[in-house]
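Presented below is the structure to which this report refers.
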């Protein structure tokens with residue numbers, strides 16, 4: 001039976017490279033001379049440090065631009081609340097979302113079920129598996145999900161005949 005998986009993945013090496021490029025650009029920029037602005041990377045969490053909230057916004061803009069140039073969808077970033085460290089210095093945790101959350105997966109399965117296509121969706125951990133009798137129905141389901149899910153980057157993998 002033909003099937004495919006709907007997943008949300010991020011290339012961790014590209015994220016690491018984008019963070020390194022961001023830090024390099026920040027150290028070379030004139031408006032950041034003498035400041036403690038930087039981005040730290042560990043697994044699926046980033047921490048952005050800056051001297052004040054304005055510079056924090058600038059560092060986030062540079063980070064987003066570097067991620068976009070490396071074909072990492074910036075919708076996978078989820079910014080936390082800005083925390084004061086000492087004086088004016090601030091930091092902001094940023095998580096990199098990987099996988100489809102349970103409630104989002106349920107809404108995708110419901111969307112597929114409500115579309116009256118002859119395909120079935122099932123939740124497989126942090127992915128959604130869609131299977132059906134005809135390839136055409138699966139391709140229609142892909143188009144439907146692409147149109148409907150806009151708040152999170154998704155990929156379609158493991159297309160099997």
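The values are calculated or read from the model by the stated rules, or taken from the named source; none is laboratory data. Computed from a prediction, not measured in an experiment: that's the story for all the values here. Methodologically, a virtual Cβ is constructed for each residue, glycine included, from the backbone with ideal geometry; neighbour enumeration extends over all protein chains shown.
Name the one entry in 105, 101 that is loosely packed, with under 15 Cβ neighbours inside 10 Å and under 18 Å from the mean Cα position of the chain (by Cα).
It is 101.
Can you work out which of the residues in the stretch 64-85 that are under 16 Å from residue 21 (Cα atoms) and in contact with a strand residue (DSSP E or B) (Cβ under 8 Å, 6 or more places away or on another chain) is surrounded by the most Cβ atoms within 10 Å (Cβ to Cβ)?
67
Does residue 144 satisfy the condition of being assigned to a loop (DSSP other than H, G, I, E, B) and buried (at least 17 other Cβ atoms within 10 Å of the Cβ)?
no
Are there any pairs, at least 6 apart or on different chains, whose C-beta atoms fall under 6 Å, with the first in the stretch 79-108 and over 23 Å from residue 61 (Cβ atoms) and the second assigned to a strand (DSSP E or B), and if so, which?
Pairs that qualify, where the first residue is over 23 Å from residue 61 (Cβ atoms) and the partner is assigned to a strand (DSSP E or B), are 105/123; 105/128; 108/128.
Among the residues of the stretch 22-39 satisfying the criterion of being surrounded by 13 or more Cβ atoms within 10 Å (Cβ to Cβ) and not in a loop (DSSP other than H, G, I, E, B), which is farthest from the chain's Cα centre (by Cα)?
32
Is it the case that residue 152 is assigned to a loop (DSSP other than H, G, I, E, B) and either surrounded by fewer than 17 Cβ atoms within 10 Å (Cβ to Cβ) or not assigned by TED's automatic domain parsing to the domain that holds residue 60 (or both)?
So residue 152 passes the test.
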